[in-house]
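Here's the structure we're looking at; comments come further down.
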């Protein structure tokens, strides 16, 4: 390791031409504090980027600051300018991986023009809908027609009889469990425990709902009970011990089987048993009820009707992939398999009704809402419990993990529902449309001593009133133009040296393969939109030129092809900035390889808050990362390089770490690795160093960082950082 380090000449990039504010002291503390506040409720604080599911959506406040700094000269105080209104007329910002459209929104709020490109059809569709202005009155009128014409048909299948009054009442959620048949003929439910509902804070509210494994009645008890006699059948059991544990099930006779060995031999997904419901009484009371014959008959009625209807249902197969193989391993081979008969009927009826809306703009807004609803209405959803949002959506894992105890949501829903068409209409669609008129920023209220006393909203932008254009020439000819492209970003229809800044968030090389997951939405949208948008006429949502690969070297080549194109269209004095973090050295080495081979060099790196450590699936990570490194690049031909002592990198990294910690930010070992790795990449980015050498250097940094014990005090944290830095050098 020491030999590798000595063979690398550390140099400091010095830019020759006009510099931007992003190349200098960036307000990492202030922006991180605002970003952390935004991240608690991203869909509320930046609703325009959450009109539909997208992965790794970055924080709007961070990208506002990045974009403003990239378009401002070096003398600009970005924090003092953050809440001011700006009219950066004539400036053009490009995002080659536009995803949910964060860069585009922040650029247009600053008065600049924006170009966004993504190879994924779902991204291009949702971004178009996010920035399309439609009348709220017309939206509500269309919703009212759907509520009148189709909602009663859907609601019919989501009701049960109240045992107290005999009246039919709406069901919010149905509780199902997968079942498998053993060789000795026993049908085993894949429950790991018989407690199926408890509060998010059970020690404060210990009441829980338990299903009896003998009579399948519902019992109210305590979440941690270990011995319970069923009051309905007198069966004695331990609510904490179900038949499923890990990859195995145990029968009543004590026989143990591997779950995968019991999957249906005909290639179909496992069967399900309906065992409970959460219903809503007229007075607002929620009541848990066992599934009865009438409820099973209603489900059978829905399945029977499904066979008689000609509905626009998905037919696309689930392709093999890193994120789909686990679902395929449980015989989920087609996207239609992800729904039960009642869900398919209800969703099909709703989609057919939406397609009858004559106004195309309104129809597409409703199609976007429909597609968003799919995330919370399928057999891969589960119950989060009481005291929190009830539905755990299907993408809470980075893989499509088959849910052993699925939660069936009510597709249309009620005002008390979560993740249904009617609730998402208000919380997603209407909220996003209103943000176009009032694009607020998150801010902090201060007390008389200047201390933070709560959050507030501040208007710092004019309404988002963009002109949608279809070509570069049209973009140049209009003010506040927005050009949304679909295709390979390594081949853009943009002239040389014409873009003022490139701001983006590239995919991870080994994390979420977006197109494998977005096929879930594509399967529903493609059949109804392919005649309107040619990019929906593909076999699936992937495309030639997709930047996504588990091999870091391949990923580096893919990313480099896009960065080279960005370098071509970027003005000589412009900057390219992108957010990045990774827990593995290979990820950083891939970034170095891509940048150094694309005609760019890193001139600055700013760590900022990226997302909550509590965000799923970070909660399962031993040492979660909460920081993104904002890597700032310029054309390498505009950068001179001089020798630099390695001590500078240590001092710079330590100063950044101390600055964040002094502001009260809690940094993990992985966060400090992000800081140090990003600073190391600055002097390395212009040197002709092979992938393996860079990777070995960064692996040693990573290995050393893992040897440092968790710290309890700020002083110890700083000493640990110095130990980390000095060890690898």
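The slack between residue 224 and residue 583, meaning 0.36 nm per residue of separation minus the straight C-alpha distance, is 125.6 nm. Mean separation of Cα pairs under 8 Å and 6 or more residues apart, divided by the residue count, gives segment 259-353 a relative contact order of 29 percent.
Relative to the longest principal axis of the C-alpha atoms of the chain, give the angle of the C-alpha long axis of helix 552-569, reported between 0 and 90° and rounded to the nearest 10°. The angle comes out near 60 degrees. Taking the number of Cβ atoms within 10 Å of each Cβ as an exposure proxy, the fewest-first ranking of 98, 394 is 394, 98. Sorting 636, 596 from the fewest to the most surrounding beta carbons within 10 angstrom yields 636, 596. Stretched out straight at 0.36 nm per residue, the stretch from residue 199 to residue 458 would grow longer than its current Cα-Cα span by 89.8 nm. In segment 559-605, Cα pairs under 8 Å separated by at least six residues give a relative contact order of 57 percent. If you line up the long axis of helix 714-728 against the longest principal axis of the chain, both from Cα atoms, how many degrees apart are they, to the nearest 10? So the helix axis and the longest Cα principal axis differ by about 70 degrees. Sorting the segments 198-210, 173-185, 397-409 by their mean number of nearby beta carbons within 10 angstrom, highest to lowest, gives 397-409, 173-185, 198-210.
With Cα atoms defining each centre, segment 90-104 and segment 404-472 are spaced 20 Å apart in the structure.
In percent, rounded to a whole number, the relative contact order of segment 427-529 is 15, using alpha-carbon pairs under 8 Å and six or more apart. Modelled label positions at residue 187 and residue 648, each set 7 Å beyond Cα in the direction of Cβ, lie 7.3 nm from each other. Highest-first packing order for the peptide set 665-672, 342-349, 649-656 is 342-349, 665-672, 649-656, based on the mean count of other beta carbon atoms within 10 Å. One entry in (i) 16, 46, 32, 6, 0; (ii) 16, 46, 28, 9, 0; (iii) 14, 38, 32, 13, 2 is P(r) over Cα pairs in 20 Å bins from 0, in percent calculated from the shown coordinates; its label is (i).
Once both labels are positioned 7 Å from their Cα atoms along Cα-to-Cβ, the gap between residue 238 and residue 388 label points is 2.5 nm.
For the chain, the longest principal axis of the alpha carbon atoms and the long axis of helix 669-684 meet at an angle near 40°. From most to least packed by mean Cβ count within 10 Å, the peptides 301-308, 460-467, 482-489 give 482-489, 460-467, 301-308.
Just so you know, all these numbers are worked out from the coordinates, no wet-lab data involved. Since the model is a prediction, treat every value here as computed from it, not as a measurement. Using ideal geometry, Cβ is built from the backbone for each residue, glycine included, and neighbour counts are taken over all protein chains shown.
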